[in-house]
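Here's the structure we're looking at; comments come further down.
The values are calculated or read from the model by the stated rules, or taken from the named source; none is laboratory data. Not measured: the values here are computed from a predicted model. No Cβ is skipped: glycine too gets one built from the backbone with ideal geometry, and neighbour counts run over all protein chains shown. Calculation scope for accessible area: heavy atoms of the full protein, side chains included, ligands and nucleic acids excluded. Shrake-Rupley method; radii C 1.70, N 1.55, O 1.52, S 1.80 Å.
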Amino acid sequence: MYKLDKMYDYGKGGNMSEKYLVRIIKNELFNFKNVDYGEIRYMNYSSVEKKAKIEKNDIVGLYGQNGSGKTALVEALAILKYILAGKEIPYQPYEGLLSSQRSTKIVTVFYIEHGQNQYKAQYEVELCADNIEQKINLISEKLIYWQRGATWKTQRDLEFRNPYYDTSSILDDIPVSFRSENFKGLKDDIITKRLRNLAVYCAQKKLSVFFNRLMLYKLADGDPTLRNVMWGLADFGSLYFQVVKVNQLADINRNTILPVNVHTENNSLVMQGCLPLVMGGQGKISENMYMQLKEAVRGINIALKAIIPDLSIELRPVNEEPDKEGNKEIRVEVYSVRGGKEFLTRYESEGIKRIISLLSYLISLYNYPEICLVVDELDSGIFEYLLGEILGVLNEEAKGQLIFTSHNLRAFEKLNIKNIVCTTTNPENRYIRLVGKEKNHNPRDFYIRTITIGGQKEELYDEADLQSIGYAFRRACDIKKPEMKLHFSDNFRKKLEGSAVEAERNYSELNPYRL
């Protein structure tokens, strides 16, 4: 179900000058999907640590063989978005990604600006799947935060392990770290009572202890530093952080829905989320959603004509009718207009639909430093040269942060090698940056050569798989063909009990149906 994540009117409770700038500067994954451990430091990690500044354009691409941890990072960031936005993590998409034997942990380090103040925060969450209730539990959370003075030396932390996930051993005491200077102006007994209520509420709703209304409004207000850190991260998760997973491609390919990832803002309004353009002929949408889509399409068309000459899309209302509650619904058709010709957008190529799907958010990424966009398989269906040109422009001029995965190596020729993170075959060290590239090396050739001959701290590709492909293809074909009973001598049977590879070779020599 596609819908807006958040629409916030600053005119009702504030103004746009209250916005927070939040940037992800580091991720760590522990026992998540096929990653035992992996760490990625983004482009501004060093400048934040040393100078408390965002100095570099923040485009990072993940490259590597299939099944080596690229999508794992995207899924972890999608879970992070649910947590920061104060939402329950859905069970079905994520329960199989969490370790059943060891704790799964996601650690994220953020840089936060608010007015003249600068903060750094590290958020750690331990997750497990409750297969009986079919829920994702946030077993423990820890928030470490700093305010910038001359250095980052002043450190405070909050840590909470929710006792109400284990009803057989309810704890009488709330962790001591919560009864501290973090909650100025509140007595210990008030803090304890409110935290107990908070723990019960979060265990029932499967929400973060830190990022929910009870904490933000009742507890965090006592300490301005804590308040700014928590509100900054909560606003980031709701308003400026978007994760586009690969499952959107399935809707595009089925020609059912074209998901339009939307971020728009003006002097008082911020709107973000994912809205559906119905592709199977006519589709009914609410009047409110129609107005939002119409505004998003207006911005998309301006950029679309620069990328694909003379192409625009149009929403055409066919009729209006009330729904069961009496609210107005509009039946619309989506058309492409190019060179004076018109046709339903469902007949466009996968690449064009993919570009339309992402374009509103790419526009915001280009213009607003608060934006963080994460895209799995950014290159899917997009012409290689065009992909390179888009990445080149974003790398030179985009104000926000883009994290993407891709298989197309064109990015190596448009980005600095420092913008590329490579996945490895080692599950205990999944992410590395390439070293040893000289100025005269073609980045694309350097990466391919590294795959084939090595030279990095970790192996990037399992070449044993390449060597066995031909043999596996031949063996698979043999299995499909009719069985033939063969009578082996005792000597040959002994050979079969030896090496598995040798046995298969001997069998292939006797098989009259071999290739």
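Table for the structure above
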{"quantity": "Rounded Å value of the spacing that divides the Cα centres of the range 278-356 and the range 41-81", "calculated": "33 Å"}
{"quantity": "Coil-residue GluC sites (Glu not before Pro) of the range 90-139, DSSP, other Cβ within 10 Å capped at 10", "calculated": "GLU133"}
{"quantity": "Percent accessible area from carbon and sulfur atoms, the range 326-411, protein chains only, probe 1.4 Å", "calculated": "49 percent"}
{"quantity": "Other-chain or far-sequence residues with amide H under 5 Å of LEU269's (modelled H)", "calculated": "TYR10"}
{"quantity": "Dipole magnitude (debye, nearest 20) for the range 265-355, charges at Cβ of Lys, Arg, Asp, Glu", "calculated": "280 debye"}
{"quantity": "Measure of compaction for the range 286-419 (Cα Rg per 2.2 N^0.38 Å)", "calculated": "1.21"}
{"quantity": "Antiparallel DSSP beta bridges within the range 270-411, percent to nearest 5", "calculated": "85 percent"}
{"quantity": "Subset of LYS305/LYS353; LYS294/LYS353; LYS53/LYS457; LYS56/LYS305; LYS26/LYS457 violating a 25 Å alpha-carbon distance limit", "calculated": "LYS53/LYS457; LYS56/LYS305"}
{"quantity": "Cα-Cα separations in the range 344-438 greater than 23 Å, expressed as whole percent", "calculated": "31 percent"}
{"quantity": "Reduced Cα scattering model of the range 271-321, Debye log10 I(q)/I(0), q = 0.16, 0.19, 0.23, 0.30 Å⁻¹", "calculated": "-0.53, -0.72, -0.97, -1.25"}
